[in-house]
There are 2 protein chains.
Amino acid sequence: MDVSRQQNESAARAERGPRARTRKLMLETATRLMQSGITPSVSEVAEAAEVSRATAYRYFPSQAALVHAVVDEALGPILDWRSEAPDALTRVADLLATAMPRIDEFEATFKAALKLSLDQWAQRQAGTLGNEPQLTRGHRVELLRQVTVPLEGKLSTEAREQLAQALSLVFGVEVLVVLKDIWGLSAERAQSVAEWAAAALVEAAIREGQTAA
Amino acid sequence: MDVSRQQNESAARAERGPRARTRKLMLETATRLMQSGITPSVSEVAEAAEVSRATAYRYFPSQAALVHAVVDEALGPILDWRSEAPDALTRVADLLATAMPRIDEFEATFKAALKLSLDQWAQRQAGTLGNEPQLTRGHRVELLRQVTVPLEGKLSTEAREQLAQALSLVFGVEVLVVLKDIWGLSAERAQSVAEWAAAALVEAAIREGQTAA
DNA sequence: AAAATTATGAGATGCGCGTATCATAAAGAT
DNA sequence: ATCTTTATGATACGCGCATCTCATAATTTT
């Protein structure tokens, strides 16, 4: 059974009434707390939203479920991104321009999601996998395949796939973690570096495709 | 006060005797547990090493301190890496060939370290910063500056710095997280993608330096 | 060998998260 | 208006981590 599916259904089923109100209240509270840097426990959200712990746990049975819901909100425009640009270079620049500021804006949320996915990986390794919501973290694949569509004739399928994979290294929260936290760059500089790297990768792939053909 | 410094001093001060033996035993046990995928709590290490919890906490006052010590071990050959190769392309390939297999081998350990650094970032944001060991996570900077040394005359200082920053995106645990966990690649494929991307970045930087000059 | 120092273990305590129970309050149906 | 259903809150419980205390064992010093 897919838990997130269940949550979506129940949310859709009761878009008004007390259920929806309380859920929305909690989600807003959780988002606000996360924006302020905290990765709140369910109890903390309960207190901040002024509902009882018991009620809070009815809506979000774990911190993972909570973060999952907030991430879904935060992704928002990123998931809707499409590009009709004819060349991959423009598409990737466009994607980064859309996604990176959003990711930076919700930095704490995405870092919390990354942290949870690491948790789940570890638990999977240890065999101790609970019935947690199973963070998605795969949107990158779809988005970057979109980016490489204009190269369909010019590159082999393998080369396109490899380009998409390489691009996924310069696009996401991980980029912020490395460039801001380790190098101490500003968000603007970080984005600029990511854009430069992305362009370099696309051009390299195209160049190789030409020499091969 | 730098806690890791204190630990190093006490370890150096008592390289033999029961202190050193127990510490070594715990470290080996912790490493073994981490290799098996668990990110053990201090209590778990205590049990596995067959010492009492109280003793364990005397050596490693927190899980963070424990992971920090294990990471130091795991880094091992990576920290000693040097390259005398005359060109940056060879150097970066050499660095990846040395470091990535090691990182993959100790994947669980490095992921645990990444998780802790995210924890600490969140706590910093929230103002709740304990006296934790403060994970380093900055070795990348030094290593990659080494890589770009051969470009000293050919590129501007800014361009070299940007290259090093871009390279840091294709080198580290994050690469494994993205390519193995999200894309489902094997360790070998992941390394191959990282190597391709790194080479592409270096070549792009060189090309731009030439046109600029 | 005796005394002083130091390391260890067993247990108690506090704290936070997640779960379960049960009574009350609110909303909806007849 | 009454009854049924559903949501909520207060409380208590179990569990694991981290800390503290104190007695015992091991090691070092004299």
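Quick note: the coordinates plus some simple rules give every number you see, no bench work behind them. Quick caveat, the model's predicted, so the values are computed rather than measured. All Cβ positions, glycine included, derive from the backbone under ideal geometry; neighbour counts span all protein chains shown.
Using only C-alpha atoms and all pairs of different ones, pull out the Kirkwood radius for the range B:34-108 in Å with one decimal. Intermediate results must be reported in sequence, preceding the final value.
Working: mean 1/r = 0.0695 Å⁻¹.
Computed over the range B:34-108, the radius equals 14.4 Å.
Please give the helix B:63-75 orientation as an angle from the longest Cα principal axis of chain B, in degrees from 0 to 90, rounded to the nearest 10.
Approximately 50 degrees, to the nearest ten.
Please report how far the C-alpha centroid of the range B:17-78 lies from that of the range A:154-178, rounded to the nearest whole angstrom.
After rounding, the separation between the Cα centres reads 36 Å.
Leaving out same-chain residues fewer than 8 places away, which aspartates and glutamates sit with a Cα under 15 Å from that of A:K111?
A:D72, A:E73, A:D119, A:E174, A:D181, B:D119, B:E174
Pop the C-beta distance of B:E152 and A:E142 into the FRET formula with R0 = 45 Å and round what comes out to the nearest 0.05. Write down the numbers at each step before the final one.
Details: r = 41 Å, r/R0 = 0.92.
It comes out at approximately 0.65.
Note down the relative contact order for the range B:76-212 as a percent, whole number, built from C-alpha pairs under 8 angstrom at least six residues apart. If you can, show how the numbers build up before the last one.
Details: 106 pairs, mean separation 44.6, N = 137.
Dividing the mean separation by the residue count of the range B:76-212 yields 33 percent.
Could you tell me which of rounded, prolate or oblate describes the protein assembly as shown, using a ≥ b ≥ c as the square roots of the eigenvalues of the alpha-carbon gyration tensor, with rounded for a/c under 1.5 and, failing that, prolate when a/b is larger than b/c and oblate otherwise? If you can, show how the numbers build up before the last one.
Working: a/c = 1.95, a/b = 1.09, b/c = 1.79.
Taking the square roots of the gyration eigenvalues as a ≥ b ≥ c, the protein assembly as shown is oblate.
May I have the convex hull volume per residue, in Å³, for the Cα set of chain A? List each step's numbers first, then the result.
On the way: hull volume 31.6 nm³, N = 213.
With only Cα atoms used, chain A gives 148 Å³ per residue.
Sort A:T55, A:T109 so that the residue with the fewest other Cβ atoms within 10 Å of its own Cβ comes first and the one with the most comes last.
Values: A:T55 12, A:T109 22.
Least crowded to most crowded, the residues run A:T55, A:T109.
By how many degrees, 0 to 90 and rounded to 10, does the Cα axis of helix B:3-13 deviate from the longest principal axis of chain B?
With rounding to tens, the tilt is 70 degrees.
Are there any GluC sites (Glu not before Pro) in the range A:97-173 that are in a DSSP loop and have at most 10 other Cβ atoms within 10 Å? List them by number. Before the final figure, lay out each step's value.
Working: sites: A:E105, A:E107, A:E142, A:E152, A:E158, A:E161; in loops: A:E152.
Sites meeting the loop and neighbour criteria: A:E152.
Any chance you could give the angle, 0 to 90 degrees and rounded to 10, that helix B:187-212 forms with the longest Cα principal axis of chain B?
Approximately 40 degrees, to the nearest ten.
For the protein assembly as shown, what is the calculated [θ] at 222 nm in deg cm²/dmol (nearest 500), taking -39500 (n - 2.57) for each run of four or more DSSP H residues and dividing by its residue count? Working shown, then result.
Details: 24 runs with 300 residues, N = 426.
Value at 222 nm, helices only, nearest 500: -22000 deg cm²/dmol.
What nm value, rounded to one decimal, do you get for the distance between B:E188 and B:E84 when each label is placed 7 Å out toward the C-beta?
Taking the simple label geometry, B:E188 and B:E84 are separated by 3.2 nm.
Once phi is turned into θ = phi - 60°, what whole-Hz ³J(HN,Hα) does the Karplus curve with 6.51, -1.76 and 1.60 give for every residue of the range B:47-57, x standing for Gly and Pro?
Per residue, the Karplus-derived 3J(HN,Hα) values read 5, 5, 8, 6, 10, 6, 4, 4, 4, 4, 5 Hz.
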